[in-house]
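Below is one structure, written out as structure tokens; comments come after it.
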Amino acid sequence: MMIDSNPPLLHHYQALLRKSAKLQHANNNKNNNRTFEIHNDPIVDECELPLIDLSGLESCNATERVACTAAICKAASEWGFFQVVNHGISTELLRNMKEEQMKLFKVPFDRKVTCEILNNPYRWGTPTATRSNQFSWSEAFHIPLTKISDAASWGEFTSLREAINEFAPAMLKVSRLLASILAENLGYPNDAIEKLCDASTCFLRLNHYPSCPKSQDEIFGLVPHTDSDFLTILYQDQVGGLQLMKDSKWVAVKPNPDALIVNIGDLFQAWSNDVYKSVEHKVVANDKMDRYSIAYFLCPSYSTIINGYRKPSLYRKFTFGEYRHRIQEDIKNIGHKIGLSRFLL
């Protein structure tokens, strides 16, 4: 039953599946509703995200620089997702990060759960899930970047700390560059993002999606969601599995070995008065291969006030801390986040 697997995902999932079946049976008896459980939708299509060559920003040709900037803003508005190449992060650094990440996840489950590196950032499955369709077949280390400098908190994982010490500033540089371009397009000062988001307020999430014995139509690798930050930069392997909502349909993102994936978060959507879109996305489980990814979240401090850039604003003022608190309460109480709709005027 894989109770001793690393981590014991199947054991937890089967318990939720039994509970869901009982709820569905009771619901069917009550109102003959036979669609209680919602799992992964069939893949409608595979897409290649807008691909933007960031070397265009350094071009001697003004027309090329303007075209590159315009492409970034258009993709953020029309897709909410895009991919970038020639981003300045070396292949060697990316490869090293993945190797260190894989070593970390191969540590026995009981050690990952009990080890005290970085104030216990390890998560697996979905502790708040009450039904099987709320469960994510994955594990992750959610790392606040304020902890990197604390050598004592890394224990034996010194080489991982060294890799993150190089990787995180590189990701911050790319995310700030892109976010600043998007902010300037809205009329904000060119240093607005730099003032809001720095290394101490951002997060790094190391993700592992173990191969899953269940059909991808039955279980998520990561349940549908939007990101709660300003901007997310994702480095993923070539296994695939990422899907996003486009024109009311799920589409699969074709991996590109040379690209980083960028997506708009909820804060940027609110800050831009819906000019940019925070798009729902998910990861489907893979029954043959493990998948690894690393996400960098460009975040402000919890006290930062989010307010639309022009009037009338679509959203009331709120702080990032308030938004995070509401999300956690929603997930705890109803199993999913309500998101920005709660803050609409």
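Points to keep in mind about this one:
- In the chain, taking the dipole from charged Cβ atoms about the Cα centre, the farthest positive-side position among Cys68, Leu16, Ile233 is held by Leu16.
- Cross-link pairs exceeding 21 Å in C-alpha to C-alpha distance, out of Lys74/Lys337; Lys277/Lys317; Lys19/Lys214, comprise Lys74/Lys337.
- Helical content of the chain, expressed as a calculated mean residue ellipticity at 222 nm, amounts to -11000 deg cm²/dmol (DSSP H runs of 4 or more residues, -39,500 (n - 2.57) each, divided by residue number, nearest 500).
- The chain: C-alpha pair distances exceeding 25 Å, %: 55 percent
- Apportionment of accessible area to carbon and sulfur, region 211-345, percent (1.4 Å): 51 percent
- Since only Leu160, Cys115, Leu57 are under comparison, the one whose Cα sits farthest along the positive direction of the charge dipole of the chain, derived from C-beta charges on Lys, Arg, Asp and Glu, is Cys115.
- Cut-off 14 Å (backbone N to label point 7 Å along Cα→Cβ of Thr128), residues of region 313-345: 322-340
- Farthest toward the positive end of the dipole of region 258-345, out of Phe297, Ile264, Tyr309, is the Cα of Tyr309, where the dipole comes from beta carbon charges about the Cα centre.
- For the chain, the membrane-span-like helix rule (DSSP H, alpha carbon extent of at least 30 Å along the helix axis, mean Kyte-Doolittle at least -0.5) picks out 158-186; this says nothing about an actual membrane.
- A Cβ-based charge dipole, computed about the Cα centre of region 63-112 with Lys and Arg at +1 and Asp and Glu at -1, lands at about 220 debye.
- Its convex hull of Cα atoms gives region 166-225 a direction-averaged projected area, equal to a quarter of the hull surface, of 6.4 nm².
- Share of carbon and sulfur in the accessible area of region 56-189 stands at 51%, probe radius 1.4 Å.
- Here r is the Cβ-Cβ distance between Arg324 and Lys254 and R0 is 41 Å; the resulting FRET efficiency, rounded to 0.05, is 0.80.
- For the chain, the solvent-accessible area of protein heavy atoms averages 48 Å² per residue (probe radius 1.4 Å; ligands and nucleic acids excluded).
- Lys, Arg +1 and Asp, Glu -1 on Cβ, resulting dipole of the chain about Cα centre, debye, nearest 20: 1260 debye
- Highest-MSF residue in the chain out of Ala67, Ala163, Ala179 [GNM, Cα springs under 10 Å]: Ala67
- When the chain is treated as a GNM with alpha-carbon contacts under 10 Å, the residue of Val275, Val251, Val66 showing the greatest mean-square fluctuation is Val66.
- Cα centre as origin, Lys/Arg/Asp/Glu Cβ charges: region 197-295 dipole, Debye: 220 debye
The values are calculated or read from the model by the stated rules, or taken from the named source; none is laboratory data. Model, not experiment: these values are computed from the prediction. Cβ atoms come from the backbone with ideal geometry, glycine included; neighbour counts cover every protein chain shown. When the accessible area is computed, the model is the full protein with side chains, heavy atoms only, and any ligands, DNA or RNA have been set aside. Shrake-Rupley method; radii C 1.70, N 1.55, O 1.52, S 1.80 Å.
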